[in-house]
Amino acid sequence: MAACETQTRKQCQDIQTPQSVLTRLQAGNNRFVKGTAVKRSLRKQALATAPGQYPLASVVSCFDSRIPPEIVFDQGIGDIFIARNAGNVISDDVLGSLEFGSKASGAKLIVVLGHTQCGAIKGACDNVQLGNLTGLLAKIKPAISKIPDDGKDRSSKNHDFVDMVGEQNVRLGVQTIRDKSPILKEMEDKGEIMIVGAMYDLKTGKVSFYDLPAAPAGKSKKI
């Protein structure tokens, strides 16, 4: 992992690779799980980032109040862009934000972050109808169809099913970014950025990453 302690924000961003930023977030989540988060002066960081921002990653996260990305990845002010909505849905607005984050502002990594027992996933499974939320939940339903019908309950009462849909929703989100943003797809193909999926476990605080680049033979792509 490239160190940033003696670098300016811009220099820190410049020396990072997509892999080093991923490693940085993995290490931060490990600290979060262990309760050994870095001690930061948020006031000092706020002042340091006031002239400009050079984040290292963008995270598309669920609206859920229990998974603030900066905290679960143990990052500070100015380290990551955050786009949040119920069910971490990839909309045109989110795509535009991600393009700004990477193409215009230099972020090296994009993470689509879902979580276990997601309320939006449960709502989609139960076909909840509620104002504007109805249309948002409809965008999650393709993930439901990805799960083979094994005869078991396919409602929110089946916690395993909910989490399987949540993971599929993350994977489809990653694919949507590639399919609907030629800008980000080209950057990924050139190795300028990495686009990955991840799931946060509400019980443990651990983030498991998916859709990583091909790992060496015999090694899992899940971390």
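If the condition is being out of contact with any Ser or Thr (no Cβ under 9 Å at 6 or more places or on another chain) and either under 16 Å from residue 94 (Cα atoms) or among the hydrophobic types (A, V, I, L, M, F, W, C) (or both), then region 177-194 contributes 177, 178, 179, 180, 181, 182, 185. Considering region 62-71, and only residues there that are surrounded by fewer than 23 Cβ atoms within 10 Å (Cβ to Cβ) and not β-branched (Val, Ile, Thr), the residue that is nearest to residue 48 (Cα to Cα) turns out to be 70.
Taking the listed residues 88, 169, the one that is surrounded by 19 or more Cβ atoms within 10 Å (Cβ to Cβ), outside any loop (DSSP other than H, G, I, E, B) and either touching a residue at least 40 places away in the same chain (Cβ under 8 Å) or among the small types (Gly, Ala, Ser) (or both) is 169, with no other qualifying.
It is to be established whether one or more residues within region 92-105 are at pLDDT 95 or above and not in a helix (DSSP H, G or I). Yes, region 92-105 has at least one match. Scanning region 24-42 for residues that are within 17 Å of residue 203 (Cα to Cα) and without any contact (Cβ under 8 Å) to a residue 24 or more places away in the chain yields 30, 34, 35. Taken together, the criteria exclude residue 74 from residues that are within 25 Å of residue 178 (Cα to Cα), acidic (Asp, Glu), surrounded by 13 or more Cβ atoms within 10 Å (Cβ to Cβ) and within 15 Å of the chain's Cα centre (by Cα). Counting only residues that are touching a strand residue (DSSP E or B) at 6+ places or on another chain (Cβ under 8 Å), under 15 Å from residue 165 (Cα atoms) and in a loop (DSSP other than H, G, I, E, B), region 106-136 holds 2 of them.
The values are calculated or read from the model by the stated rules, or taken from the named source; none is laboratory data. As the structure is a prediction and not an experimental result, all values here were calculated from the model. Neighbour counts are summed over all protein chains in view; Cβ atoms, including those assigned to glycine, are modelled from backbone coordinates with ideal geometry.
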